[in-house]
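Reading through the structure tokens given below for one structure.
The values are calculated or read from the model by the stated rules, or taken from the named source; none is laboratory data. This is a predicted model, so every value here is computed, not measured. Note that each Cβ is placed from the backbone with ideal geometry, even for glycine, and that neighbours are counted across all protein chains shown. Accessible surface areas use protein heavy atoms only, side chains included; no ligands, DNA or RNA. Shrake-Rupley method; radii C 1.70, N 1.55, O 1.52, S 1.80 Å.
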Amino acid sequence: MKKKVTTLKMLAQNLELSISTVSRALNDHPDISSATKEKVKRLALTMNYTPNIFAKGFRNHKSNIIGVIVPNVTHYFTSTIIRGILEEASLLGYRVIISESNNDVIKQKDMFNTMLQFGVDGILASLTKMTKEIDHILPIINTVPLILFDKVSNKIPCTQITINDEEAAFKAIEHLINIGKKRIAIIKEREFSYTSEKRYAGYLRALKAHQIEVDEKIIISVDDISLIQGKRMTNILLSLKKKPDAIFAITDTAAIGVIKTLKKLNIKIPEDIAVVGFSNSINSTIIEPKLTTINQPGNLIGKTAIKYLIKEIESDAVDEIPVNKTVEIKTELIVRDSTFNIA
């Protein structure tokens, strides 16, 4: 049986007041007497009245709701970003609606439309790795403020909160070179991934800077940069006549797959093959040997993204040209046992 939802109209009828009087009483309007406010609030409590924030937002042209779209909410790094968004939103008086695209471009398009239908004041989005066409995103910028984070696109004229993936990868490869590694393999995503290509660019730049020849045989591209693929690609690399002496995987998950395979085959880490990941996930400290990785401050990325979004939402400027700038959050190379022997 469907339960009846208490409305402003029902409260007004019970109290023989106008709907506008009841609404103003609930919002502590100074024109309403204390006695009327108390009477209205008491009945609202008795009848379990809950304000409809969407209706309120429609009337005020402001909902204090922010939409967040991510490829996968269960991904560790993404979850740290979401935590930062939620913490900062709460402090700044905003609610958050979170949805995931599952790396599906069609679903991502639907999510953008759904957020607009909910009447959000602005949208934070991390794009799917398959996002090539941006026709469904450009109209959003003319409707509500949009800020991209993590998975971004330089084709979209909006503020983008990200790390310098190329520079971070450069640091990781240079570290491997500095500990004596010269045949460094990379496990990355295929060319449609913006983030992967940036990290690959850092890999190539580091090799060039240290005059190390690029060998296509140890550049491995996969569709799914997962633990299973990390294991599989490691076996492929080990089948080569000239094996690598280090492996850089563009995610911790794949790097952990690398370590598991090397350990299973009794290959010494890092003496025979060193391993570097990317993200500094919880598992990077649980795996043995502990994984050297790039620390991405997800919480800070989330907090920074929402601060910039709310600043745009609350800007007094009308009909401004969309802000188009990149805000880079600093990363750090965390050196652990997979590239450095403490003993």
Under 5 Å, built H, 5+ apart or other chain: amide partners of ALA125: ILE69, ILE147, LEU148, PHE149
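Of all accessible surface on segment 64-198 at a 1.4 Å probe, what whole percent is carbon and sulfur?
On segment 64-198, the fraction of accessible area on carbon and sulfur atoms equals 50 percent.
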Top of SER153, SER90, SER34 by mean-square fluctuation, Gaussian network on the chain, Cα under 10 Å: SER34
Charge sum, other residues only, whose C-beta stays under 10 Å from ARG24's C-beta, Lys/Arg counted +1 and Asp/Glu -1: -1
Assigned charges on the beta-carbon of Lys, Arg, Asp, Glu; segment 247-322 dipole about Cα centre (debye): 660 debye
Listed residues THR162, THR131, THR293, most fluctuating in the chain (Gaussian network, C-alpha, under 10 Å): THR131
Shape of segment 85-129, Cα gyration tensor, a/c cut at 1.5: oblate
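How charged is the neighbourhood of LYS268? Take every other residue with its Cβ under 12 Å from the Cβ of LYS268, and add Lys/Arg as +1 and Asp/Glu as -1.
So the environment of LYS268 carries a net charge of -3.
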Distant-in-sequence amide H partners of VAL222 (H built 1.01 Å from N, under 5 Å): LYS188, GLU189, ARG190
Gaussian network model of the chain, Cα within-10 Å springs - most flexible of ASN14, ASN299, ASN113: ASN14
Other-chain or far-sequence residues with amide H under 5 Å of ALA185's (modelled H): ASP245, ALA246, ILE247, PHE248
In sequence order, calculated HN-Hα J values of segment 253-268 (Karplus, 6.51, -1.76, 1.60; Hz; x Gly/Pro): 4, 5, 4, 5, x, 4, 4, 4, 5, 4, 5, 4, 9, 6, 8, 6
Accessible area of segment 211-328 belonging to carbon and sulfur atoms, whole % at 1.4 Å probe: 49 percent
Per residue solvent-accessible surface (Å²) - the chain, probe of 1.4 Å: 53 Å²
DSSP loop trypsin sites (Lys or Arg not before Pro) with at most 14 other Cβ within 10 Å excluded, longest remaining stretch of the chain: 63-131
Surrounding net charge for LYS41, when Lys and Arg each add one and Asp and Glu each subtract one, Cβ distance under 15 Å: +2
